[in-house]
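Taking it in order: structure first as structure tokens, then the write-up.
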Amino acid sequence: MTADILPHFTGGMLDAVARAFQRPPATRWLDREVREGAAVFGRLRSILSDEREAATRELREGVEAASFVARHQPAADGLAHFFAVASEMRTALAEIDKHPGAAELIAEVEAAEAEAVALRQLLTEAFRKAAAPFPKLDWKKLEEETKADRAAGRLKRWATMEDMISDLSSPE
């Protein structure tokens with residue numbers, strides 16, 4: 001779910017915050033913009049964290065590669081935009097660093113950047129693995145393992161399909 005909202009969030013609210021800080025600072029709006037900017041970046045940090053946790057859980061539980069990429073590609077695209085806006089914010093924040101609320105806003109920007117970096121690393125590695133070709137099967141090794149399993153009695157043969165179904169469905 002967070003993968004769906006991330007591009008819209010970074011494309012909307014984040015841009016509005018960045019535009020607000022591109023205007024020349026004026027004390028009458030600066031206090032409000034700093035508070036709202038900190039809130040936006042705090043919320044974005046939370047979204048990025050949720051996205052990273054969801055992707056990590058999905059990878060841990062197992063997922064088909066193409067569906068993972070399709071589901072999380074919008075988040076990866078949103079991260080590129082986020083890093084561009086965060087860079088603009090750093091420039092704007094350098095001009096207001098003496099403002100009392102600037103430290104909180106700077107901390108939120110840095111925390112959101114740290115979450116974004118962690119998410120980008122996770123997605124980059126997962127996308128790389130998803131694009132990798134399947135490893136070749138070592139048929140000789142597979143045959144040797146099968147023979148060893150058969151010799152150890154770990155493989156079972158059935159005369160008919162009905163025998164197999166009956167055997168597998170009976171409680172033991």
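Every number here is computed from the coordinates shown, using simple stated rules; none is lab data. Here the structure is a predicted model, which is why all the values come from computation and not from measurement. No Cβ is skipped: glycine too gets one built from the backbone with ideal geometry, and neighbour counts run over all protein chains shown.
Pairs of C-alpha atoms in region 132-172 farther apart than 15 Å represent 62 percent of all such pairs.
Qualifying GluC sites (Glu not before Pro) in region 36-81, where qualification requires a DSSP coil assignment and no more than 11 other C-beta atoms within 10 Å, comprise GLU64. Stretching LYS141 away from ALA66 to a fully extended chain increases their span by 24.1 nm, per 0.36 nm per residue minus the current alpha-carbon distance. The residues packed around TRP139, meaning those with a beta-carbon under 13 Å from its beta-carbon, carry a net charge of 0 if Lys and Arg are +1 and Asp and Glu are -1. Fully extending the segment from GLU95 to ALA114, taken as 0.36 nm per residue of separation minus the present Cα-Cα distance, adds 4.6 nm.
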